[in-house]
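First the structure, in the form of structure tokens, and then the observations on it.
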Amino acid sequence: MPVDETMLSILRELISLPTASHTPSIDLIRYVQARLERVGARCERAAHEDGTRANLFATVGPDISGGVVLSGHTDVMPVEGQSWTVPPFELTSHGIKYFGRGTADMKGFLDGAVNCMERAAGETLNTPLHLALSFDEEVRCIGVRSLLR
């Protein structure tokens, strides 16, 4: 199966942004928001009081209630004290396998969700498609509380 270069590019960028719990994740939110706004998504950002972390709620499709929500988080577990054999914040491939902090949880999902939102933005949807991203999920689901508000 051929590799989707757009998805690989998104994943490479997401992995390069070190968003360990309790550390700034605003660059990841800015990256995702900019990509989605370029395709016409309606985005709302809810920043943490310190401004270094934020939630993002983005929508493509009709401006009506309801819809489908793709939901994820932006933080990954810290890498300190772990013996990585590849740079954790650099997407590394070994054959058809890709390695980097977050490739499985959660940046791999974010890659697919962003790609899905971008593709859906070019379609005529009957119901909205939303993307909800929260911060600090790995440590007591801190960010999602303000996202729900």
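The values are calculated or read from the model by the stated rules, or taken from the named source; none is laboratory data. These numbers come from a predicted model, not from an experiment. Note that we place each Cβ from the backbone using ideal geometry, even for glycine, and neighbour counts take in every protein chain shown.
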Residues in segment 13-32: is at least one under 21 Å from Leu125 (Cβ atoms) and surrounded by 19 or more Cβ atoms within 10 Å (Cβ to Cβ)? yes
Return the pair list, or none, for Cβ contacts closer than 8 Å from residues in segment 99-115 that are assigned to a helix (DSSP H, G or I) to residues that are among the charged types (D, E, K, R), at least 6 apart or on different chains. Lys107/Arg101; Val114/Arg35; Asn115/Asp4
Flag for Arg35 being in contact (Cβ under 8 Å) with a residue 60 or more places away in the chain and of a type in the set (Lys, Arg): yes
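Is it the case that some residue within segment 31-42 is touching a helix residue (DSSP H, G or I) at 6+ places or on another chain (Cβ under 7 Å), closer than 18 Å to Asp136 by Cα and of a type outside the set (Val, Ile, Thr)?
Yes, segment 31-42 contains at least one residue that is touching a helix residue (DSSP H, G or I) at 6+ places or on another chain (Cβ under 7 Å), closer than 18 Å to Asp136 by Cα and of a type outside the set (Val, Ile, Thr).
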Quick one: which residue in Gly66, Gly51, Gly81 is in a loop (DSSP other than H, G, I, E, B) and modelled with pLDDT of 95 or more? Gly66
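Residues are listed down the side, and each one gets a yes or a no for (1) under 21 Å from Glu137 (Cα atoms); (2) acidic (Asp, Glu):
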residue	(1), (2)
Thr6	no, no
Ser9	no, no
Pro18	yes, no
Thr23	yes, no
Thr74	yes, no
Trp84	no, no
Gly95	no, no
Asp105	yes, yes
